[in-house]
Amino acid sequence: MARPTTYSAKLLLIQLGNGGTPEVFAAPCGLTTRGIQMTKETNDVTVPDCDDPDLPAWTERDVLSLSGEISGSGILAAEAFATWRAAFLSTNAVNCRIRINETGANGGGYFYGAFHLTALNITGEIGNKVQVEITLISDGEIQWAAAA
C-alpha cells in the first residue's frame, strides 16, 4: 500500500480581504480550527424505464444551487477582534480565501469568493481565555485558484 500525501492542519487558512485596491488578504490570528463546507442543492426526478415500466425507476438529480460555508474557532486574539467585529457589523460581504497553503504540485491553492459573516460567537469561562467561533456563508460564486 502506498502512503498518501497529507496536509498539516496549519496549512488550511481562512483569509479575509481588506477591501483595498489592490486587496490584501490576511488570516486573522487565533483560530485553531478552520474549515469549509461546500453544499449542492438538488432536485430529484424519478425516471421510469420506457421499455419495461414494471422495472424500478431510477432517480436522476438536477443541480439547483451551490453554496459554501466557512467555519472556525479558537482564541479571540485582540489583534483579530476588530476584523471580526467589522465583518459582522457590515451589511456587505467580505472577500475571503480559504487557502491550502501548499505548492500547486502538491494540490495547493485557494477557494475564493464573497462571504457574509453570519455568526460571531464570543464566550469566556473563568480560568480560561476568551474563545471565538465564526461562520461565514457564501454570497455568490465560489471559485478555485491553483497555487503556482
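The values are calculated or read from the model by the stated rules, or taken from the named source; none is laboratory data. Keep in mind that this is a model prediction, so the values were computed, not measured. So basically every Cβ, Gly included, is an ideal-geometry build from the backbone, and we count neighbours across all protein chains shown. Areas reflect the complete protein model, heavy atoms only, side chains present, ligands, DNA and RNA absent. Shrake-Rupley method; radii C 1.70, N 1.55, O 1.52, S 1.80 Å.
Looking at the structure I just gave you, is Ile134 under 15 Å from Leu11 (Cα atoms), surrounded by 16 or more Cβ atoms within 10 Å (Cβ to Cβ) and either modelled with pLDDT under 95 or within 12 Å of the chain's Cα centre (by Cα) (or both)? Criteria not met by Ile134.
Ile126 - would you say it is among the β-branched types (Val, Ile, Thr) and either surrounded by 12 or more Cβ atoms within 10 Å (Cβ to Cβ) or touching a helix residue (DSSP H, G or I) at 6+ places or on another chain (Cβ under 8 Å) (or both)? When the stated conditions are applied, Ile126 does not pass them.
Are any of the residues in the stretch 97-116 open to solvent by 20 Å² or more (accessible area, probe 1.4 Å), in contact with a Leu (Cβ under 7 Å, 6 or more places away or on another chain) and without any contact (Cβ under 8 Å) to a residue 24 or more places away in the chain? There is at least one residue in the stretch 97-116 that is open to solvent by 20 Å² or more (accessible area, probe 1.4 Å), in contact with a Leu (Cβ under 7 Å, 6 or more places away or on another chain) and without any contact (Cβ under 8 Å) to a residue 24 or more places away in the chain. Of the strands (runs of 3 or more DSSP E) contained entirely in the stretch 57-148, those carrying at least 1 residues that are closer than 30 Å to Asp44 by Cα and not aliphatic (A, V, I, L, M) fall at 58-75, 109-123, 131-138, 143-146.
Of the residues making up the stretch 41-48, not a single one is closer than 16 Å to Ala87 by Cβ, open to solvent by less than 100 Å² (accessible area, probe 1.4 Å) and assigned to a loop (DSSP other than H, G, I, E, B). Kindly provide the set of residues from the stretch 1-32 that are more than 19 Å from the chain's Cα centre (by Cα), farther than 25 Å from Asn92 by Cβ and not β-branched (Val, Ile, Thr), ordered by number. Passing the criteria: Met1, Ala2, Arg3, Pro4. Checked against the criterion of being among the hydroxyl-bearing types (Ser, Thr, Tyr), more than 14 Å from His116 (Cα to Cα) and either open to solvent by 50 Å² or more (accessible area, probe 1.4 Å) or out of contact with any helix residue (DSSP H, G or I) (no Cβ under 6 Å at 6 or more places or on another chain) (or both), the stretch 71-86 contains one or more residues that satisfy it.
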